[in-house]
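Visitor: Here's a structure for you.
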Amino acid sequence: MSVAMNEISIILIEDHDLTRMGLKAALQSHSGLKVIGEAANATQGMKLLETAKPDVAVVDIGLPDMDGIELTRKYRRYQAETGQTATKILILTMDHTEDAVLAAFAAGADSYYMKETSISKLTEAIQATHGGNSWIDPAIANVVLRKMRQGIPGENQKGDQPKTVKIEALATEYEQVLETYPLTQRELEILELIVAGCSNGQIAEKLYITVGTVKTHVRNILNKLCADDRTQAAVRALRSGLVA
């Protein structure tokens, strides 16, 4: 299926036929979007991701053979191995529990969309995700922000002790990269503001530096954390204890 230069190519990985058909019809009616493939389970979805190489994959969390979070994790590994990093992942779900939300972002999801939100918002979410921004559904934004401020769940902290997260939460290869290329004090300051949800412009204002300088620091942070984007960097920062 040919895709015009200005169109965003999309695949749908959703096991409910009516939902998938409805999503496809709604997205196809939007002039800037093109659905180039669809799959009813994770196995088909993985093959489609590898062959179609869409701009954005809309992935349902509740797939029958493998959940959408595990599919995302598996595909991110595939991307790392092959260097095909263009495709963004938008998780589609009814689940707004803290565990599901955090697990999705930890697996490498770019955006998290609740099914009951309007279809017009989905097109907005897809466009934002394609543009390199993480679209977080308003219904779960507070969950993400609260957990980012608290740190990763499961850590029992005493009130008089600073919050820390066990370094084992971070994969060995990332830990080794950080040992070789430690973050500077300025990079840590910027990382904290990324975790707090600040844009590059807001970071520049707070630290009295230019947006261009912020972008350079962000690029260095992503490289040092082996992260594809800001969301992944924020999750890894929390998991490693770089930011409490």
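The values are calculated or read from the model by the stated rules, or taken from the named source; none is laboratory data. A quick note: this is a predicted structure, and the numbers were derived from the prediction, not measured. FYI the Cβ positions are ideal-geometry reconstructions off the backbone, even for glycines, and counts take in every protein chain you see. The protein model used for the area step is the full one, side chains on, heavy atoms only, and it has no ligands, DNA or RNA in it. Shrake-Rupley method; radii C 1.70, N 1.55, O 1.52, S 1.80 Å.
Visitor: Among the residues of the stretch 208-244, which ones are among the small types (Gly, Ala, Ser) and in contact (Cβ under 8 Å) with a residue 40 or more places away in the chain?
Guide: Listed by number, the residues that qualify are 233, 234, 237, 240, 241, 244.
Visitor: Moving on. Residue by residue through the stretch 58-81, note down the ones that are touching a helix residue (DSSP H, G or I) at 6+ places or on another chain (Cβ under 6 Å) and either closer than 19 Å to residue 128 by Cβ or not basic (Lys, Arg) (or both).
Guide: The first filter runs over the stretch 58-81 and keeps only residues touching a helix residue (DSSP H, G or I) at 6+ places or on another chain (Cβ under 6 Å), leaving 59-61, 63, 65-66, 69, 71-73, 75.
59, 60, 61, 63, 65, 66, 69, 71, 72, 75, listed by residue number.
Visitor: A further question follows. Within the group 32, 37, which residue is in contact (Cβ under 8 Å) with a residue 24 or more places away in the chain and either of a type in the set (Val, Ile, Thr) or in contact with a helix residue (DSSP H, G or I) (Cβ under 6 Å, 6 or more places away or on another chain) (or both)?
Guide: Numbers: 32 fails: either of a type in the set (Val, Ile, Thr) or in contact with a helix residue (DSSP H, G or I) (Cβ under 6 Å, 6 or more places away or on another chain) (or both).
Of the residues listed, the single one that is in contact (Cβ under 8 Å) with a residue 24 or more places away in the chain and either of a type in the set (Val, Ile, Thr) or in contact with a helix residue (DSSP H, G or I) (Cβ under 6 Å, 6 or more places away or on another chain) (or both) is 37.
Visitor: Still on this structure: For residue 37, indicate whether it is open to solvent by less than 70 Å² (accessible area, probe 1.4 Å) and either assigned to a helix (DSSP H, G or I) or at pLDDT below 90 (or both).
Guide: In short, no.
Visitor: I've got another one for you. Can you find, within the stretch 45-66, the residue that is modelled with the lowest pLDDT among those that are touching a strand residue (DSSP E or B) at 6+ places or on another chain (Cβ under 9 Å) and part of a loop (DSSP other than H, G, I, E, B)?
Guide: 62
Visitor: Say we look at the stretch 82-102 and pick out the residues that are in contact with a helix residue (DSSP H, G or I) (Cβ under 7 Å, 6 or more places away or on another chain) and part of a loop (DSSP other than H, G, I, E, B); which of these is surrounded by the most Cβ atoms within 10 Å (Cβ to Cβ)?
Guide: Only one residue tops the list, namely 87.
Visitor: Name the helices (runs of 4 or more DSSP H) wholly within the stretch 144-244 that hold at least 2 residues that are modelled with pLDDT of 80 or more and open to solvent by less than 80 Å² (accessible area, probe 1.4 Å)?
Guide: Per the criteria, 185-195, 200-207, 211-224, 230-240.
Visitor: Still on this structure, I have one more. Among the residues of the stretch 127-142, which ones are open to solvent by less than 20 Å² (accessible area, probe 1.4 Å) and either modelled with pLDDT under 85 or over 21 Å from residue 73 (Cβ atoms) (or both)?
Guide: 137, 140
Visitor: Inside the stretch 82-100, can you point out the residues that are charged (D, E, K, R) and modelled with pLDDT under 90? Please lay out each step first, then the result.
Guide: Here is the first cut: in the stretch 82-100, the residues charged (D, E, K, R) are 88, 95, 98-99.
If the condition is that a residue be charged (D, E, K, R) and modelled with pLDDT under 90, then 95, 98, 99 are the ones that fit.
Visitor: A follow-up question, please. Could we say that residue 62 is over 16 Å from the mean Cα position of the chain (by Cα) and open to solvent by less than 50 Å² (accessible area, probe 1.4 Å) here? Working first, answer last.
Guide: Numbers: over 16 Å from the mean Cα position of the chain (by Cα): yes; open to solvent by less than 50 Å² (accessible area, probe 1.4 Å): yes.
Taking the combined requirement at face value, the residue satisfies it.
Visitor: Specify which of the listed residues (48, 23) is over 24 Å from residue 235 (Cβ atoms), touching a Gly at 6+ places or on another chain (Cβ under 7 Å), open to solvent by less than 70 Å² (accessible area, probe 1.4 Å) and hydrophobic (A, V, I, L, M, F, W, C).
Guide: Sole residue among the options that is over 24 Å from residue 235 (Cβ atoms), touching a Gly at 6+ places or on another chain (Cβ under 7 Å), open to solvent by less than 70 Å² (accessible area, probe 1.4 Å) and hydrophobic (A, V, I, L, M, F, W, C): 48.
Visitor: Identify, from the list 75, 112, the residue that is open to solvent by less than 60 Å² (accessible area, probe 1.4 Å), within 30 Å of residue 238 (Cβ to Cβ), assigned to a strand (DSSP E or B) and not assigned by the TED database to the domain that holds residue 233.
Guide: The conditions single out 112.
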